């Protein structure tokens, strides 16, 4: 059986909100198209470009900033490094001048209102998140079609049957059973297995440094989200809540930066409601930043970006996890569980509903916390199974196509469920478990296939059609 090689840096990508599949994916697709034109020697021959958005990208693309992301990709802006405060100015300039610098090299006429089409009634068969670039050259025409398949992953039409990058892993893994096989054979923890596999791409030191960069981005996002007030963009007038909750929990504490802020949190004690409020605050902070076109980490998607950072912050603040090696262990374990879900089912809400995003992120966080707290390999997999089992069937029904209601609150729920699942697994004997992780992944995929498309990120059903847009919160 072929084994798909997925790195931790495939599962955790630094990017811009609000959606990994609707923002980061189209952004990367546009960058990839520009790179292909450059490799063909055609970049300077481009005279015009029309962008066609299909299916879910069309239906909720405005709310997710898909049109903005495509334009930023076309000018080859980097979502990892771009100054997020400059995005509005860049997009306004393109709209006003009706010109765009393709690849930041070739300036052509481009009117976003005319040259980006939202084809809400058309869907391409491979995946609901599809976009095409129709490129006019001086003496020819080219077309490129890409699919944003979730978590910022992008595949090009025609390449979809080809296997992933050919990397020989020391421990090839597609399923939870295969992961457990390698753990039993070697005696290694899951995080150790993942770290060994990462050596197929880079040195161990480079991997660890990259993971710490991922954590630094998560940490900065949490801290910024807890210290930014106001309302979220998009027209729903949703008030940011992390700022007020952070202020309420810390009373009149004085601090100047993350480290002293963390010390203040730790001094607050271990009362159950106090910890519960902080876990919610961490998750809210991340996803309010995500909804505001802030810099986040796909975990495994943007819509679910708050769960893993919230649980990791819980571990750091309340479980003595404030150590670089422990943080690395946590994220390594989480990434492997996410990759198994991607291989066996999906991490795209457009394919599987919100169970594929919040459910998967909760399973990833539960597994990571369990290993970090000293759980066995089987307890780790059990925790992931418990977390997903209680997200099965969760629909994706964002109001007005925005990653705000109910998405932000769902991250708090996913984080709490992850902690509960971990505690259950740590206090259980896996020998008596009736449901395996592979079994629940198969069930999730079957559920996804049976789910009505109106509950798959289209805003055609659920809360999206039953909540008056005049309401500011639910």
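The values are calculated or read from the model by the stated rules, or taken from the named source; none is laboratory data. Since we're looking at a predicted model, the values are computed, not measured. As a convention, Cβ positions derive from the backbone with ideal geometry for all residues, glycine included, and neighbour counts pool all protein chains shown.
Structure notes:
- When residue 389 is tested against (1) surrounded by fewer than 24 Cβ atoms within 10 Å (Cβ to Cβ); (2) under 19 Å from residue 309 (Cβ atoms), only condition (2) is not met.
- Residue match in segment 410-425 (condition: without any contact (Cβ under 8 Å) to a residue 60 or more places away in the chain, in a loop (DSSP other than H, G, I, E, B) and closer than 30 Å to residue 187 by Cα): no
- Residue match in segment 368-381 (condition: under 25 Å from residue 18 (Cα atoms) and buried (at least 24 other Cβ atoms within 10 Å of the Cβ)): yes
- Single residue of segment 94-115 satisfying the filter (outside any helix (DSSP H, G or I) and without any contact (Cβ under 8 Å) to a residue 24 or more places away in the chain) that is nearest to residue 42 (Cα to Cα): 107
- Test: residue in segment 145-158 that is out of contact with any helix residue (DSSP H, G or I) (no Cβ under 6 Å at 6 or more places or on another chain) and in a loop (DSSP other than H, G, I, E, B): yes
- Residues satisfying the stated conditions in segment 166-198, i.e. farther than 12 Å from residue 5 by Cβ, part of a loop (DSSP other than H, G, I, E, B) and in contact with a helix residue (DSSP H, G or I) (Cβ under 8 Å, 6 or more places away or on another chain): 175, 188, 189
- Every listed requirement among (1) modelled with pLDDT of 95 or more; (2) assigned to a loop (DSSP other than H, G, I, E, B); (3) over 16 Å from residue 418 (Cβ atoms) is met by residue 224 save one, (2).
- Residue within segment 85-93 that is outside any helix (DSSP H, G or I), under 30 Å from residue 213 (Cβ atoms) and at pLDDT 95 or above present: no
- Restricting 468, 406 to those that are over 22 Å from residue 305 (Cα atoms) and either surrounded by 19 or more Cβ atoms within 10 Å (Cβ to Cβ) or at pLDDT below 95 (or both) reduces the list to 468.
- Search result, residues across segment 370-398 that are part of a helix (DSSP H, G or I) and within 19 Å of the chain's Cα centre (by Cα): 384, 387, 388
- Enumeration of residues in segment 290-304 that are surrounded by 24 or more Cβ atoms within 10 Å (Cβ to Cβ) and either assigned to a loop (DSSP other than H, G, I, E, B) or more than 13 Å from the chain's Cα centre (by Cα) (or both): 298, 299, 300, 301, 302, 303, 304
- Residues being within 13 Å of residue 119 (Cα to Cα) and either part of a strand (DSSP E or B) or free of Cβ contacts under 8 Å to residues at least 60 places away in the same chain (or both) - total across segment 36-65: 5
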